[in-house]
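The values are calculated or read from the model by the stated rules, or taken from the named source; none is laboratory data. Values in this document were obtained by computation on a predicted structure and should not be read as measured data. We place every Cβ from the backbone using ideal geometry, glycine too, and count neighbours over all the protein chains shown.
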Amino acid sequence: MKTVILCGGQGTRLREETEFRPKPLVEIGGKPILWHIMKTYAHYGFDDFVLCLGYRGNMIKEYFLNYAAMNNDFTIALGNKASIRFEGEHLEQGFQVTLADTGQETMTGGRIKRIQKYVDGDLFMVTYGDGVADIDIRRLLDFHHRHGKAATITTVKPHSRFGILDTAADGRVQAFAEKPQLDGWASAGFLVFDRKLFDYLDDDSTVLEREPLERLAQEGQLMAYRHEGSFYTMDTYREYLFLNDLWSSGKAPWGIWR
């Protein structure tokens, strides 16, 4: 089964890191966040990927073209009989990665539409190139198979970005909670689709999260998988530092393959 990863956004809120490289290549613990996402899927046996490239996509291509050399010792012979021999093997031997240029300004739904020719099965998965979670992909797929609808979206309990105050009429603070968990559920990516999704995608301007998912919901074809574990996005420099601290301390819950 194909796993499609959206890697084309500019990551403007993380400009400290994304001015010179795409957000999926911003590192956590010396490895791109894209690598962490792929390792999560591969841990459950899903290692056939399609990457939807856009902003600085050439850098992601170069990363994978040079992957073996950058993750192995190697011996190289120079001259007319040039050759290279890799000493040992990296742990991603079985990965298959299709790198597809889906345009600089293409929206999320348009990017998926552009890679339709690479999706050869009746079912495929989609996620974003900037979010990590300790999600059990097998359970997610089991949920999708059980309900029999066209689409599944993973949801999590969101936290407020702000401290919440309970105040009296005179301004006295009666209670304070630093970034509490909110009611309701929010999208976390990690989607599963029947290939009929392509019928809901029109052109490069299609935003997956707008009309396609809204139509699927109206038609009763969109189901929510509730993930009770951890989920982190890397939208800001502060979140970048936080995720690196989690990884370096050995407390990164998404690192289930370690």
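Sort through Gly220, Gly171 and tell me the only one that's modelled with pLDDT of 95 or more, loosely packed, with under 14 Cβ neighbours inside 10 Å and of a type outside the set (D, E, K, R). Working first, answer last.
Numbers: Gly171 fails: modelled with pLDDT of 95 or more.
Of Gly220, Gly171, the one residue that is modelled with pLDDT of 95 or more, loosely packed, with under 14 Cβ neighbours inside 10 Å and of a type outside the set (D, E, K, R) is Gly220.
Looking at Phe49, Phe20, which is the one that is without any contact (Cβ under 8 Å) to a residue 40 or more places away in the chain and more than 26 Å from Lys251 (Cα to Cα)? Full working, then the answer.
Values: Phe49 fails: without any contact (Cβ under 8 Å) to a residue 40 or more places away in the chain.
Being without any contact (Cβ under 8 Å) to a residue 40 or more places away in the chain and more than 26 Å from Lys251 (Cα to Cα) holds for just one of Phe49, Phe20, which is Phe20.
Among the residues in the range 72-89, are any without any contact (Cβ under 8 Å) to a residue 40 or more places away in the chain and under 22 Å from Ile112 (Cα atoms)?
Pass one, the range 72-89, residues without any contact (Cβ under 8 Å) to a residue 40 or more places away in the chain: 72-89.
Checking which are under 22 Å from Ile112 (Cα atoms) leaves us with none.
No: the range 72-89 contains no residue that is without any contact (Cβ under 8 Å) to a residue 40 or more places away in the chain and under 22 Å from Ile112 (Cα atoms).
Check the range 28-41 and report whether any residue there is more than 21 Å from Leu243 (Cβ to Cβ) and either among the aliphatic types (A, V, I, L, M) or buried (at least 17 other Cβ atoms within 10 Å of the Cβ) (or both). Write out each step before concluding.
Within the range 28-41, the subset more than 21 Å from Leu243 (Cβ to Cβ) is none.
No - not one qualifying residue is present in the range 28-41.
Restricting attention to helices (runs of 4 or more DSSP H) lying wholly within the range 1-66, give those where 2 or more residues are among the aliphatic types (A, V, I, L, M) and within 15 Å of the chain's Cα centre (by Cα).
Numbers: elements: 15-18, 33-43, 57-65.
Ranges flagged: 33-43.
Where residues in the range 67-89 are of a type in the set (D, E, K, R) and more than 24 Å from Leu99 (Cα to Cα), which of them is surrounded by the fewest Cβ atoms within 10 Å (Cβ to Cβ)?
Within the range 67-89, the subset of a type in the set (D, E, K, R) is 73, 81, 85, 87, 89.
Applying the additional criterion that residues be more than 24 Å from Leu99 (Cα to Cα) yields 73, 81, 85, 87.
Values: Asp73: 9, Lys81: 6, Arg85: 10, Glu87: 8.
Within the range 67-89, the match that is surrounded by the fewest Cβ atoms within 10 Å (Cβ to Cβ) is Lys81.
Any idea which residue in the range 140-168 is modelled with the highest pLDDT, counting only those that are over 12 Å from Val192 (Cα atoms) and part of a loop (DSSP other than H, G, I, E, B)?
Only one residue tops the list, namely Lys157.
Could you tell me which residue of the range 86-120 is farthest from Asp48 (Cα to Cα), considering only residues that are in a strand (DSSP E or B) and over 18 Å from the mean Cα position of the chain (by Cα)?
Residues of the range 86-120 that are in a strand (DSSP E or B), as a first pass: 86-87, 96-101.
Next, from what is left, pick out any that are over 18 Å from the mean Cα position of the chain (by Cα): 86-87.
Working: Phe86: 23, Glu87: 25 Å.
Restricting to residues being in a strand (DSSP E or B) and over 18 Å from the mean Cα position of the chain (by Cα), the top hit is Glu87.
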